[in-house]
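S.K.: Sending over a structure as structure tokens; questions will come in a sec.
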Amino acid sequence: MKRILVTGGSGFLGSWLCEKLLEKGNEVICVDNFYTGAKRNIYHLLDNSRFELIRHDVTFPLYIECDEIYNLACPASPIHYQKDPVQTVKTCVHGAINMLGLAKRVNAKILQASTSEVYGDPAIHPQVEEYWGNVNPIGVRSCYDEGKRCAETLFNCYHMQNKTRIKIIRIFNTYGPRMHPHDGRVVSNFILQALQNQDITIYGDGSQTRSFCYRDDLIDGMMKLMATGDDVTGPVNVGNPGEFTILQLAENVIDLTGSKSKIIRMPLPSDDPKQRKPDISKAQALLNWQPTTQLREGLAKTIEYFDALLKSDPDFCRGED
Ligand code: NAD
Ligand code: UDP
Ligand code: UDP
């Protein structure tokens, strides 16, 4: 049994990770300031004697003892990370420094939840880990993109300077049950709109692409990366290489929900990446990992979740909770 710290543990991915780590018999310490996370995501874990919750902001130091750290704390959706860009940079940078300082002190393995956003609007397709990216340092997305890039730098510096045992995972768009209904990400937006027969809001002409990974596949890849030996530091891309235009995503959601929704166009936000698809050769070779859930299968499960949520807690779906 290990004692494992999960920062951002009450969020969409963090709560699922906490659950999986507990299932494997570990002790889990969830640290979260509830900026975008929800207590409802972890309520069901609170009775477990191996689970501990600490309300804490990772931009401040934290002194605890643990064997492994998954550093997921950071708002992930554009509307959330752009609401308070300074706090987003602080979370990425000060949060990484504090968690690396902690890992160094207790000699814990530490995994950084990085992102495909480090590639920016990529000129290389599909994206390989060796690509340095094409990021606007002063655009609306830069607090997140550059924050995450700096966090990768810090992880690498601690590894070189202090031999800290690091792992960097570059996560591509991931979706599934427990996404926050109001975080504005494309999958949750389209599903909620379709289930309520509201207009489906495509930003731009819908020809931009994304590769969507189902939550369970992603967490499986993340845990496999943590389990590797100290020589594997990453970065490693983890995502589903199936590439879809946003228009194709909308059509799939309408089809699977049987919705009467119409598609409407809205302005494309600035610096919105035109294409994104992971090259996962490294993950396949190093982790023996590849995604197993295809888009329509994952969408069906996510639709089922939001359909139940709309019925059981309409206030939360409307953003009144
Ligand atoms: P999320 O917003 O649901 O979860 C983030 C969690 O971090 C929330 O619980 C939030 O309250 C917490 N948090 C934010 N700032 C904090 C702070 N200063 N101190 C403590 N806790 C803080 O997002 P998610 O989709 O679960 O993303 C988890 C991680 O994975 C993030 O680091 C994100 O950048 C990364 N990631 C996610 C995706 C994706 O598609 N979901 C893609 C790439 C990277
Ligand atoms: N830190 C922390 N928990 C620990 C150890 C360190 O939060 O258990 C923080 C500490 O406050 C410091 C940061 O991590 O600001 C970086 O620590 P490090 O030891 O690398 O640097 P230094 O203390 O020399 O600044
Ligand atoms: N998008 C859209 N309609 C929405 C929300 C998002 O067309 O209601 C588009 C957005 O412009 C982007 C893509 O869908 O091109 C993915 O957006 P998301 O915010 O989910 O993730 P990211 O842009 O960070 O990959």
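S.K.: Compute the long axis of helix 295-312 from its Cα atoms, compare it with the longest principal axis of the Cα atoms of the chain, and write down the angle in degrees, 0 to 90, nearest 10.
M.R.: Between helix and principal axis, roughly 80 degrees.
S.K.: Sequence-distant or interchain residues sharing an amide H contact under 5 Å with Val236, placed H: which?
M.R.: Ile168, Ile169, Arg170
S.K.: In whole percent, what relative contact order does the chain give with Cα contacts below 8 Å and a gap of six or more residues?
M.R.: Across the chain, relative contact order equals 17 percent.
S.K.: Work out the length of the dipole vector of the stretch 1-130 about its Cα centre, built from +1 on the beta-carbon of each Lys and Arg and -1 on the beta-carbon of each Asp and Glu, and round it to the nearest 20 debye.
M.R.: 320 debye
S.K.: For the stretch 153-166, in order, what is each residue's ³J(HN,Hα) by Karplus, 6.51 cos²θ - 1.76 cosθ + 1.60 with θ = phi - 60°, in whole Hz (x at glycine and Pro)?
M.R.: After applying 6.51 cos²θ - 1.76 cosθ + 1.60, I find 4, 4, 4, 5, 5, 4, 5, 5, 7, 10, 6, 4, 7, 9 Hz.
S.K.: Which entries in Lys260/Lys311; Lys24/Lys224; Lys83/Lys282; Lys104/Lys224; Lys83/Lys311 show an alpha-carbon gap greater than 24 Å?
M.R.: Flagged as over cut-off: Lys83/Lys282; Lys83/Lys311.
S.K.: Can you list the lysines whose alpha carbon is less than 16 Å from that of Lys90, not counting same-chain residues fewer than 8 positions off?
M.R.: Lys148
S.K.: Now for a different question. Out of the DSSP beta bridges found with both residues in the chain, what percent are antiparallel (nearest 5)?
M.R.: Percent antiparallel among DSSP bridges in the chain is about 10.
S.K.: OK, next. With everything on Cα atoms, drop me the angle between helix 12-23 and the longest principal axis of the chain, reported from 0 to 90° to the nearest 10.
M.R.: Its long axis makes an angle of about 50 degrees.
S.K.: For the chain, set up a GNM with springs between Cα atoms under 10 Å and report which of Arg149, Arg55, Arg276 has the largest fluctuation.
M.R.: Most flexible of the set in this elastic network: Arg55.
S.K.: In addition: If one computes the Cα centroid of the stretch 281-308 and of the stretch 5-35, what distance in Å separates the two points?
M.R.: About 20 Å separates the Cα centre of the stretch 281-308 from the one of the stretch 5-35.
S.K.: First check a/c for the stretch 222-321, with a ≥ b ≥ c the square roots of the eigenvalues of its C-alpha gyration tensor; if it is under 1.5, answer rounded, and if not, answer prolate when a/b is larger than b/c or oblate otherwise. Intermediate results must be reported in sequence, preceding the final value.
M.R.: Working: a/c = 2.15, a/b = 1.69, b/c = 1.28.
Here the stretch 222-321 falls in the prolate category.
S.K.: Report, ordered by chain and residue number, the aspartates and glutamates lying within cross-link reach of Lys2, taken as a straight Cα distance under 15 Å and ignoring same-chain residues fewer than 8 apart.
M.R.: Glu19, Glu23, Glu27, Glu52, Glu65, Asp67, Glu68
S.K.: Positive end of the dipole of the chain, charges at C-beta (+1 Lys, Arg; -1 Asp, Glu), about the Cα centre: which of Ile97, Thr293, Leu225 has its Cα farthest in that direction?
M.R.: Value: Ile97.
S.K.: Mind checking which of Thr7, Ile263, Cys143 is farthest towards the positive end of the chain's charge dipole, using Cβ charges of +1 (Lys, Arg) and -1 (Asp, Glu) about the Cα centre?
M.R.: Thr7
S.K.: Assuming a ≥ b ≥ c are the square roots of the Cα gyration tensor eigenvalues, decide whether the stretch 175-240 counts as rounded (a/c under 1.5), prolate (otherwise, with a/b larger than b/c) or oblate.
M.R.: prolate
S.K.: Turning to a different aspect of this structure: Nearest 10 degrees, 0 to 90: what angle lies between the long axis of helix 186-195 and the longest principal axis of the chain (Cα atoms)?
M.R.: Approximately 40 degrees, to the nearest ten.
S.K.: Please report the spacing between the Cα centers of the stretch 246-263 and the stretch 136-200 in Å, no decimals.
M.R.: 24 Å
S.K.: Right, next: Using the Cα centre as the reference, give the magnitude of the dipole from point charges on the C-beta atoms of the chain (Lys, Arg: +1; Asp, Glu: -1; all else neutral), rounded to the nearest 20 debye.
M.R.: Dipole size: approximately 360 debye.
S.K.: Under the rule of at least 5 residues apart or a separate chain, name every residue whose amide H is placed under 5 Å from the amide H of Val31.
M.R.: Residues meeting the amide H criterion: Val6, Thr7, Gly8, Gly9, Ile54.
S.K.: Go through His159, Tyr81, Asn197 and say which Cα lies farthest out towards the positive end of the charge dipole of the chain; charges sit on Cβ, +1 for Lys and Arg, -1 for Asp and Glu.
M.R.: His159
S.K.: Rounding to the nearest 20 debye, state how big the charge dipole of the stretch 166-262 is about its Cα centre with +1 on each Lys and Arg Cβ and -1 on each Asp and Glu Cβ.
M.R.: 200 debye
S.K.: 222 nm [θ] for the chain, helices only, -39500 (n - 2.57) per DSSP H run of 4+, per residue, to 500? Please list the in-between numbers first.
M.R.: Numbers: 10 runs with 125 residues, N = 321.
Per the formula, -12000 deg cm²/dmol.
S.K.: Would you order Asp121, Asp145, Asp199 from fewest to most other beta-carbon atoms within 10 Å of each residue's own beta-carbon?
M.R.: Least to most surrounded, the residues fall as Asp199, Asp121, Asp145.
S.K.: If packing is taken as the average count of other Cβ atoms within 10 Å, what order do 46-53, 202-209 fall into, highest mean first?
M.R.: In descending order of packing, they fall as 202-209, 46-53.
S.K.: Does the chain classify as rounded, prolate or oblate by the C-alpha gyration tensor (a ≥ b ≥ c root eigenvalues; a/c under 1.5 gives rounded; else a/b over b/c gives prolate, otherwise oblate)?
M.R.: In terms of gyration-tensor shape, prolate.
Bear in mind that the values in this text are calculations on the coordinates, not laboratory data. In this text the structure is predicted, and so the values were computed from the model without any measurement. Note: ideal-geometry Cβ built from the backbone for every residue, glycine included; neighbour counts use all protein chains shown.
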